[in-house]
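Enquirer: One structure, pasted below without further comment.
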Ligand code: R5P
């Protein structure tokens, strides 16, 4: 249940999330509290929340790329907050991990999306995130049992493309990307198409171009939610370049950039890669704080809208 809490909103973050946390605190008028996290010599986590937090509402900012390094500290912090009297605890995770294992593809595989959702739902009252990978799940409510707000990055991507690319044609590299491609292209009436992709393994995909007649002189802008191995956008780029199109611009919501992904994209012939700052990367040029702040305000009761 959402509560109204105009005076006791606090915000804290796991290391690495400080710039976004400061920007959110400023927009929301929340006080930043220090969450200390370090490792003991044996590698275990030490976690401490500074200040008197009893009877407050706390938003913890922790983007969850490379989650396996972060989860213990995150859950310790949430449990600690509850222990010392925080009334309502929220997680601001601009990138929400473990959404892609949304089906048991082979017998015996862990359905990590569900297990992870259960863990977070035990420790947090609410979650605000940006474009989670909702493919086989229609909404977070199918697996999360907490209040959630999903922010769409599309308006920020549309602005960036409209301001930076002349004559764009927005292209999705696979059927899943259609939801993002439409949301990005339609507000500015940009032409858009979707490629057909078949995945054979973590780094192995084959693709077929859609009908792009009449759009040959446009600049292809590949829009996807995630760049992980880079294999999806690299293959789409190779296909477009060998069909005679200009070097594509790649615009993604979450730039995870696994090993060798940048090299792969460069060799494929991408002209530029840009992502939102849901993950800290050199390519994270599209800011999300103005889209995230209203969602957090709703969750903490700072706004009724
Ligand atoms: C697929 O379902 C997603 O929307 C992305 O296309 C995919 O996760 C990108 O992964 P990678 O960069 O490893 O191809």
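Derivation of every value follows stated rules applied to the coordinates shown; laboratory data play no part. Quantities reported herein were computed from a predicted structural model and do not represent experimental measurements. Backbone-built Cβ (ideal geometry, glycine too); neighbour counts: all protein chains shown.
Enquirer: Could you run the Debye sum over the Cα atoms of the chain, one equal point scatterer each and no solvent, and tell me log10 of I(q)/I(0) at q = 0.07, 0.08, 0.14 Å⁻¹, two decimals?
Expert: For the chain at q = 0.07, 0.08, 0.14 Å⁻¹, log10 I(q)/I(0) is -0.29, -0.38, -1.05.
Enquirer: With a Förster radius of 51 Å, plug the Cβ-Cβ distance of residue 106 and residue 40 into 1/(1 + (r/R0)^6) and report the FRET value to the nearest 0.05.
Expert: Details: r = 37 Å, r/R0 = 0.74.
With a Förster radius of 51 Å, E is 0.85.
Enquirer: Quote the FRET efficiency, to the nearest 0.05, computed for residue 238 versus residue 167 with a Förster distance R0 of 22 Å and r equal to the Cβ-Cβ distance.
Expert: Step by step, r from the Cβ atoms, then E = 0.55.
Enquirer: Using just the alpha carbons, could you tell me how many Å³ per residue the convex hull of segment 102-206 encloses?
Expert: Normalising the Cα hull of segment 102-206 by residue number yields 130 Å³.
Enquirer: Let me ask another. Among 9, 275, what is the fewest-to-most ranking by other Cβ atoms within 10 Å?
Expert: 9, 275
Enquirer: Let me ask something else about it. Going 7 Å from the Cα of residue 118 in the Cα-to-Cβ direction, what parts of segment 145-159 have a backbone nitrogen less than 13 Å from that spot?
Expert: 145
Enquirer: Counting other beta carbons within 10 Å of each Cβ, put 159, 102, 65, 83 in order, fewest first.
Expert: Going from least to most buried by this count: 83, 159, 102, 65.
Enquirer: Tell me the angle of helix 71-83 to the major Cα principal axis of the chain, expressed in degrees between 0 and 90 and rounded to the nearest ten.
Expert: Once rounded, the angle reads 30 degrees.
Enquirer: For a Förster distance of 51 Å, can you work out the FRET efficiency between the beta-carbons of residue 267 and residue 83, rounded to the nearest 0.05?
Expert: Rounded to the nearest 0.05, the efficiency is 0.50.
Enquirer: What is the angle, in °, between the Cα long axis of helix 231-242 and the longest principal axis of the Cα atoms in the chain? Nearest 10 is fine, range 0 to 90.
Expert: 20 degrees
Enquirer: Could you work out the per residue convex hull volume over the alpha carbons of segment 154-286, in cubic angstrom? Display every interim value, and only then the final one.
Expert: On the way: hull volume 12.4 nm³, N = 133.
Roughly 93 Å³ of hull volume per residue.
Enquirer: Give the angle, between 0 and 90 degrees and rounded to the nearest 10, that separates the Cα long axis of helix 112-123 from the longest principal axis of the Cα atoms of the chain.
Expert: Once rounded, one gets 30 degrees.
Enquirer: Rounded to two decimals, what is Rg over Rh for segment 1-141 when you use alpha-carbon atoms and the Kirkwood radius?
Expert: Expressed as Rg/Rh, it is 0.98.
Enquirer: Label residue 48 and residue 159 with points 7 Å out from Cα along Cα→Cβ: what is the distance between them in nm?
Expert: 4.0 nm
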